[in-house]
1. Once the dipole of region 68-127 is set up with Lys and Arg at +1 and Asp and Glu at -1 on Cβ about the Cα centre, which of Leu116, Gly97, Asn75 lies farthest towards its positive end?
2. Please list, by residue number, every one of the trypsin sites (Lys or Arg not before Pro) in region 87-147 that is coil in DSSP and has at most 15 other beta-carbon atoms within 10 Å.
3. What's the longest uninterrupted piece of the chain once you rule out the GluC sites (Glu not before Pro) that are loop residues per DSSP with at most 16 other Cβ within 10 Å?
4. Per DSSP helix of 4 or more residues, -39500 (n - 2.57); summed, then divided by the residues of the chain. What does that give at 222 nm, rounded to the nearest 500?
5. To the nearest 20 Debye, how big is the dipole of the chain about its Cα centre, given +1 on the beta carbon of each Lys and Arg and -1 on that of each Asp and Glu?
6. Starting from the alpha-carbon convex hull of region 6-157, give the projected area averaged over all orientations, in nm².
7. With a point put 7 Å past each Cα toward its Cβ, work out how far Val33 is from Gln159 in nm, to one decimal.
8. Compute the Rg/Rh shape ratio of region 1-75: radius of gyration over Kirkwood radius, all on alpha-carbon atoms.
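What follows is calculated from the coordinates using simple rules that are stated; it is not laboratory data. All of these numbers come straight from a predicted model, not from anything done at the bench. As a convention, Cβ positions derive from the backbone with ideal geometry for all residues, glycine included, and neighbour counts pool all protein chains shown.
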Amino acid sequence: MTLTDYTEMAADLQRVVGEKFRQDREILNVPGVSMACRIDEHYFLALESMLLKNLGMWAAVLPSRVLEALIKTGNMLTCPPHREHSLDLRTTWEGLGRFAGIKACFVQADFFDRALKIYAGRIRPLPLGNLYVNADDRPEVEKFFKGKTPPASWLYQEQPG
């Protein structure tokens, strides 16, 4: 039985993110299209199923192993005591005109920033992705982030617009 090197697996995931970003910049930061969007300087909000499926396919590992690697390396945030990693949130973006429900997870911005810097040659971090969460979901998000730096207040929107 061999031990899994989650740090090495996370580095492989970063490599494939950087390589794919060089080919298609819409894999990140385009609400409604991308697997994850920057929501502030600390975090990306990701569509859980799309993130795990894409990273798994690109790195040739099962999505469950992607999830395990992201959690064990601290790249995906979890909520104690059961290490929940996702929330059902209502999101919107410019031009959508309504909120759409998604199963979301939060990924440390450094995971994507390093991937793009090292493997895609991007000098600066991506800007904000113009993705917003329904203000009514804020208490649930803040509960999830208890003991951690919560996302910036501009993440929340009262009405789609």
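1. So the residue furthest toward the plus end is Leu116.
2. Passing sites in region 87-147 are Arg98, Lys146.
3. That would be 95-157.
4. Helix contribution divided over all residues of the chain: -11500 deg cm²/dmol.
5. Rounded to the nearest 20 debye, it is 260 debye.
6. Dividing the Cα hull surface by four gives the mean projection, 8.4 nm².
7. 2.8
8. Rg/Rh: 0.97.
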